[in-house]
Amino acid sequence: MFEALWLIPALPLTGFILLVAGQRWSRRAVAVIGAGSVGAAALVALGLAVRFLVAPPPGHAVSQVLWTWMNVAGLTPRISLYLDALSLTMTVVVTVVGFLIHLYSTACMAEQGEPPGEGYRRFFAYMNLFVASMLVLVLADNLLLLYLGWEGVGVCSYLLIGFWYQDPANGRAAMKAFIVTRVGDTALAVGLFLLFVHLGTLQIQEAMQRAAAQWTPGSTLAVAAAALLLGGAVGKSAQLPLQTWLPDAMAGPTPVSALIHAATMVTAGVYLVARTHVLFELAPAVQLLVAVLGAATLLFAGFSALTQWDLKRVLAYSTISQLGYMFLGLGVGAWSATMFHFVTHAVFKSLLFLAAGVVIARLHEEHNMFRMGGLRRKLPVVFWTFLAGACALTSLPPATAGFSKELILNAAWCSAGPGGPWLYGAGLAGVFLTALYTFRMVFLTFFGPPGDQTAKAFPAGSARRPLLEKAMALPLLVLAAGCLFGGLLEWPAALGGHPFFVKFMSSVFPGAAEECPLATERILSAAAVLATLLGALSAYVLFLRCPGFARALAATPAGAAVHRFWLSGWGFDGLYDRLFVRPLVWVARINQADFIDQMYQGLAQLNVGLHRLLSRTQNGRVRWYAAGLAVGAILLLMMAVFL
Amino acid sequence: MGIQAHFAVDGLSLLLVLLTGFLGLMAVAASWTVIRARVGFYYFNLLLVLAGITGVFLALDLFLFYFLWELMLIPMYFLIDLWGHERRHAAAIKFFIFTQLSGLLMLLSILGLYFAHGRSTGVYTFDYPQLLGTTLSPAAARWLLLGFAAAFLVKLPAVPFHTWLPDAHTEAPTAGSIILAGLLLKTGAYGLLRFAVPLFPGAAAQFAPAAMLLGVLGILYGAVLACAQTDFKRLVAYTSVSHLGFVLLGIFAGNLLAQQGAVLQMICHGLSTGALFLLVGALDERIHTRDLRRMGGLWAVVPRMGAVALFFALASLGLPGLGNFVAEFLVLLGAFQVSAVAGVVAATGLIAATVYALWMIQQSFHGTAREAWKLADLNAREMAALLAMAAALLWLGLYPQPALDAAAPALERLERPGDFEQKLTKVTKQPQAPGCCLIPSSFTSLPSCKILPLIAALPVPAAALSLAEKISSRCEGLTIWKSGKRERRGRFSFHDFVSSKLTLLCFDCGYAALNSFAAIPPGGAR
C-alpha cells in the first residue's frame, strides 16, 4: 500500500508534462487532466492516510527510495520520499485543498483573461507543477530533495503571479516574489552546506539524530544552522523581514492566491521549521527569535490589513498575520498545535480567497471594497461561505476551525521559555486586530448600501441572479463545512474536547509542549473570545454603524500619516528599494560598459595615439630626418659621457 | 626534441569530447539557413575549430597541446571576422590579441618546464606523463604556473581578463557563439585541471586562495554586468562570465566535491548557454535585432520559443532538477568546506543570477509588446536541437552519476592538500612498504624529491605537525635542503617548515625515505 507513495507527487507531475507536451488539448481535456491529476493524488493521499491511521507502519514512518541522485565524496542524496504523521498531514492538505482549488479554477479561469480563457492550458500546467513541487518538498527524505521542491515552488509562484504576463506590473510582482524568496533560499542553501560539512549527511532524520548527539544545546554551530534554516523559512513564509513579496503576489489570478496562501508555498517555511524542530530545540536563542518574529509579524500584518482597500490585499496581510501565529507556535515549541493551525488555516484561507474570487469576478475585476457593499443578498452562497471562513479566521462560533489559534496562544502563555506572557499579549492583541479587519472586510463587502460597482454589476431592474457554476460552488461548500467542523479534530480540553490531532502527531513530536492547567486554559480561552467579540463589535461600530467616525479619524493629520504608513506595509518596500534595489541598479547602470574593459580600451587608444605620433615622423622631409639624426646623436653622446 | 603526437583519453576528456561533438552538431544546426556567403569556407573553419578543440582535450604532449591550442584560434578569428555582426572586426582582433598573448606566455612556461625537466633528469621531452612531478624550486614552479594560468584564465575567462568575451560572443555568428561559450571557454578550465594543477601542485595550492577570489569575483561581477545589458546576446555572454566563475572556484577549492561540480558546470554551462545563444540567434534571424528594449510580449507571438527560453533561463539561474544546479551546489559545497566566506559570498551569486535571468525573460518574452513583431515560431529543426539540449540538462540534473563517474578517476588522481597527511601516516605506519626507497645519509646531490609540492600544499600545519614529529623521533639524521643547498644535519625542527622558511626538505631516516610518495596511490593502499 505504501509503495504507492511515489504516485502522489508523480501524478501532478504527469499532468504537467501532458499539458506541456500536448499543444492541441481541448478545453475540456485540459480541465480533466489539470484537476484530475491532483484529484487522483488526493485520493492516493487519503488512501494512505486511512491506512496509516488503521495500521500504522513500524516506527510510524515509511520511506521509499526511488534512486540515488548522486554520489560524490560522501555526498549521497537520494531521491527518496518519507512519510510520517507530519508529512502525511501536509500531503493530505496540499492535495485535497489543491484539488478543490483546481476544480474551482476549471470554471473560474475559463472566463478570466484577455481574451477569456487565454492560457488555460498554461495555467493548469503551472498549477500542476506547483502542487507537484510542494509535494516533493513535503515528502522529501533529504534536505537536498526538499530544496528541489522548495525552489520548484518558488519558480511556480513566479510563473503564476506573473501569469498575465503582458502587464509589466504583474511581471514586477512575480520577479519580486521570486527574488525576495530566493534571498531566503540562499540562506537555506548555506544552511545545507553547514549541516553537510559538520554532520556529514543531508538525510533529514539522520542529520537530526547526529545533531542531537554531537551538538550541545546553544552551541554556535547549532545556532548558526538553525538561523540559516530560519532565513529560508522566513523568506518562503513571508515573515519579517522578507514579507514584502506576499502582498504584491496578489497580481496573480485568484485561484493562484488561494493555492499560494493555503496549500503551497507560504506554509513551506512552517513545515521546514517543524521538520527540523530538533535543530531548533538545540538552539534556544533561534527558537525564541522564531517566536518573536512571529509575534512581530502578526501585529505588523494585522495593522496593515486594517487599512487596505483591496479585498485580496486584506486577505494577503491576513495570511502573513496567521503565519505569524504559526511561527509564534513553533517558537514556543507548540509543534502539534502549529501544524493544526496550518491545517485549519489552509481550509479557511482557501475558502476566503475562492469566495473573494467570485466577488471580484462578478464585479468585473473590482478589487476595491469601498465600491462593493450590499452583496449579501446578491451573492448568498458566496456570502454565507465567506462568513463561515471569516468566523473560522476569527475563531467565532459556529465555526470551530479557528480554535487552533487558541491552542497556540495557550501554549505561549504556559511555555517555560522566556517572554511567554509577552508573546501571549502580542497574540491576544492580534486576535482583536484579526476580528477587527476581518469584519471590516465582511461589512464593507457584503453589508451596507450597495456600492457603485455593485449597482453596476447588479442593475436594480434585473431580478435574475447569475448562477454560480457547480465547479465553483462545490469547493466553497466543502471548505465551508471544513470551517464549521474542522476544529473538532482538536477541540480544547477546556471545552471538554479530545486531542486527536496531537495524539496523531505525537510520533513526530514526542516531547509535547507544557500542558496548561485546565483552569488557566479556561481563563485564557475566555480572554481570547472576549478579544474577538470586542474586535467584531468595534468593526460593526466603526465600519457599519457610524463609518463617518473612522473616516474622520483617518482624515486627521496623525491619522492620515498612520493610515499611509500601514497601507504601505510599514514602508518596507521603500526601505528595501533605497537600501538594495536602487544601489544595485545604479551600480549596474554606471558600469554598463564595464570599467575593466574601458581600461583595455584605453590601452588600445594609447597605442593608436602612439602609432599616429610615430607615423607623423615618417613624412618624407629630409630636414626632419636630419634633425632626428642630430638629436639622436647628441643623446647618444650625452649618454656616453655621463653614464 | 622529444615531441610526440601523444593523444590519450580518460573520463574527463571523453566527457568534453562528447560535449564537443554534440555542440558541434548544434552549431551546424544553427548555421543551416543563416550562412549564405562563402559557405564552404565557413564550414571549413567551423570544422577546423572543432578539430582543434577536440585535439586540445586529447593531447598529452605539451608541444602538441600548444599547437592545437593555437589551431583553435585562427579559424575562430575568421568565423567572427567574416560572418559576424556589425562590430565584428574589432571584436575579432580583440579576441585574437587576448588569446594569442596569453598563449605565448603559456609557450614560455612549456619551454621552461621542458628545460627544467631536461636539466634535472637528462631527458628532454614534452611528454606530459614524464613531466609530471618534475623537481622544481618553488619560485620556478610559481612562475611556470603563472604562464599556464595566464592562458587558461584568459580563455576561461576570469575577471579581469574577461573583456574579450562579451565582444566576441556578441559579434560572432550564432554557431560561433555556441562554440565559444560552449567549448572554447571549457578548454581553459580543462587546461587548469589537466595541466596547471597536476604539473605544479604546490604552486597551485599557493595560488588557490587568489584563484578562488577571482572565481567569486567573476560570479558576482559577471552577474551584475549581465543585469545591466540591453543587448540580448551580450547579456547571455556576461552570464558566461558568472558561470565560469563557479568553474574557477570549484577547480581551486581543491576538494573532489568542488572539482566534480566544476566539471559538471563545464558541461551544463555548455548546454544551457549554447541553447540560449541558439535562441537569440533564432530570434535575431527573425526580427533582425538583439535589442531587449525593442522586444517584450513575444510570448504571445511565439509561445514555443518563449517556453524554451524560460526553461533555459531557469537552468541558467540554477533551478534544482536541472544540471546547472547540481554543478553549482557541488562547487559551493566544496568551496564552503575550504572557506566558509568564499562559499557564502559565492552563494549570493545565486540571487544575482535570479535577477538577470528573470529580467531577461521579462524584457523579451513577458511584458507588453513594444513593437508589433510578426515572426514564425521555432521550426522542427530548431525545436529538435533545443529539446535535445533540454533533455541533457534534465538528465544531468536528476541523475548526474554517469557524468560524475566518468570524471572521477581523473579528478581523484590530482594531489590534494589532505593527501600529504594521509601519505605521511601511511609511511610512518609501514616503513618498509613497497614503494619506499632508501636514501643513504651520504646523499650529496639533489634527489628528485616529490615531497616538495606536498609540503607547499599543506593547509593545516598543526595537524601535520604531530605526524611529522612522529617521523622525526624515529629518524636518526635528517638532511635539510634549502634552495638546493644543504642547510644542516641532525634533529630537525618542524617549526621550520611550519613557518615555511624551508623550501626543500628531505627525510633520510636511514631505513625509509619519503621521496617516492607519488608511487603510493591516493587514499593509501586499497
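The values are calculated or read from the model by the stated rules, or taken from the named source; none is laboratory data. Only a predicted model underlies this, so the values are computations on that prediction, with no experimental measurement involved. Counting neighbours? That spans all protein chains shown, and the Cβs are built from the backbone with ideal geometry, glycine included. Accessible surface areas use protein heavy atoms only, side chains included; no ligands, DNA or RNA. Shrake-Rupley method; radii C 1.70, N 1.55, O 1.52, S 1.80 Å.
Details
- Test for A:Val180: is it of a type in the set (Val, Ile, Thr), more than 9 Å from every other protein chain (Cβ to nearest Cβ), under 19 Å from the mean Cα position of the chain (by Cα) and closer than 29 Å to A:Leu88 by Cβ: no
- Within the stretch A:195-211, the residues that satisfy the criterion of being under 25 Å from the mean Cα position of the chain (by Cα) and either on the phi > 0 side of the Ramachandran plot or within 11 Å of chain B (Cβ to nearest Cβ) (or both) are A:Leu195, A:Leu202.
- Set side by side, the residues B:Phe67, B:Phe95 differ, and just one is hydrophobic (A, V, I, L, M, F, W, C) and either touching a Lys or Arg at 6+ places or on another chain (Cβ under 9 Å) or open to solvent by 30 Å² or more (accessible area, probe 1.4 Å) (or both), which is B:Phe67.
- Hey, B:Leu68 assigned to a helix (DSSP H, G or I), in contact with a strand residue (DSSP E or B) (Cβ under 7 Å, 6 or more places away or on another chain) and not small (Gly, Ala, Ser) or not: yes
- Check on B:Gly133, in contact (Cβ under 8 Å) with a residue 40 or more places away in the chain, in the same structural domain as B:Phe63 (by TED's automatic domain parsing) and assigned to a loop (DSSP other than H, G, I, E, B): yes
- Residue in the stretch B:48-60 that is crowded, with 16+ Cβ neighbours inside 10 Å and closer than 20 Å to B:His85 by Cβ present: yes
- Filtering the stretch B:373-390 for residues that are without any contact (Cβ under 8 Å) to a residue 40 or more places away in the chain and either among the acidic types (Asp, Glu) or under 21 Å from B:Arg234 (Cβ atoms) (or both) leaves an empty set.
- Selection status of A:Ala346, open to solvent by less than 10 Å² (accessible area, probe 1.4 Å) and either over 22 Å from A:Leu468 (Cβ atoms) or of a type in the set (Lys, Arg) (or both): yes
- Restricting the stretch A:110-126 to residues that are under 17 Å from A:Ala471 (Cα atoms) and out of contact with any Pro (no Cβ under 8 Å at 6 or more places or on another chain), the residue that is modelled with the lowest pLDDT is A:Gly117.
For every residue, the table says whether it meets (1) modelled with pLDDT of 90 or more; (2) among the aliphatic types (A, V, I, L, M).
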{"position": "B:Gly11", "(1), (2)": "no, no"}
{"position": "B:Phe41", "(1), (2)": "yes, no"}
{"position": "B:Phe44", "(1), (2)": "yes, no"}
{"position": "B:Leu64", "(1), (2)": "yes, yes"}
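- Against the conditions (1) in contact with a helix residue (DSSP H, G or I) (Cβ under 7 Å, 6 or more places away or on another chain); (2) away from chain B (no Cβ under 14 Å); (3) not in a helix (DSSP H, G or I), A:Ile79 satisfies every one except (2).
- Residue match in the stretch B:302-309 (condition: modelled with pLDDT under 90 and either more than 10 Å from every other protein chain (Cβ to nearest Cβ) or crowded, with 24+ Cβ neighbours inside 10 Å (or both)): yes
- When residues of the stretch B:313-338 are limited to those that are crowded, with 23+ Cβ neighbours inside 10 Å and among the β-branched types (Val, Ile, Thr), the one farthest from the other protein chains (Cβ to nearest Cβ): B:Val331
- The criterion of at least 1 residues that are within 14 Å of chain B (Cβ to nearest Cβ) is met by the following helices (runs of 4 or more DSSP H) wholly inside the stretch A:551-643: A:572-576, A:582-590, A:595-617.
- Of everything in the stretch A:362-386 that is surrounded by 19 or more Cβ atoms within 10 Å (Cβ to Cβ) and part of a helix (DSSP H, G or I), the residue that is nearest to the chain's Cα centre (by Cα) is A:Phe386.
- Given (1) touching a helix residue (DSSP H, G or I) at 6+ places or on another chain (Cβ under 7 Å); (2) open to solvent by 20 Å² or more (accessible area, probe 1.4 Å); (3) of a type in the set (A, V, I, L, M, F, W, C); (4) away from every other protein chain (no Cβ under 13 Å), number of the condition B:Ala384 does not satisfy: (1)
- Every test in (1) in contact (Cβ under 8 Å) with a residue 12 or more places away in the chain; (2) more than 9 Å from chain A (Cβ to nearest Cβ); (3) under 24 Å from the mean Cα position of the chain (by Cα); (4) open to solvent by 10 Å² or more (accessible area, probe 1.4 Å) is passed by B:Val341 save one, and that test is (1).
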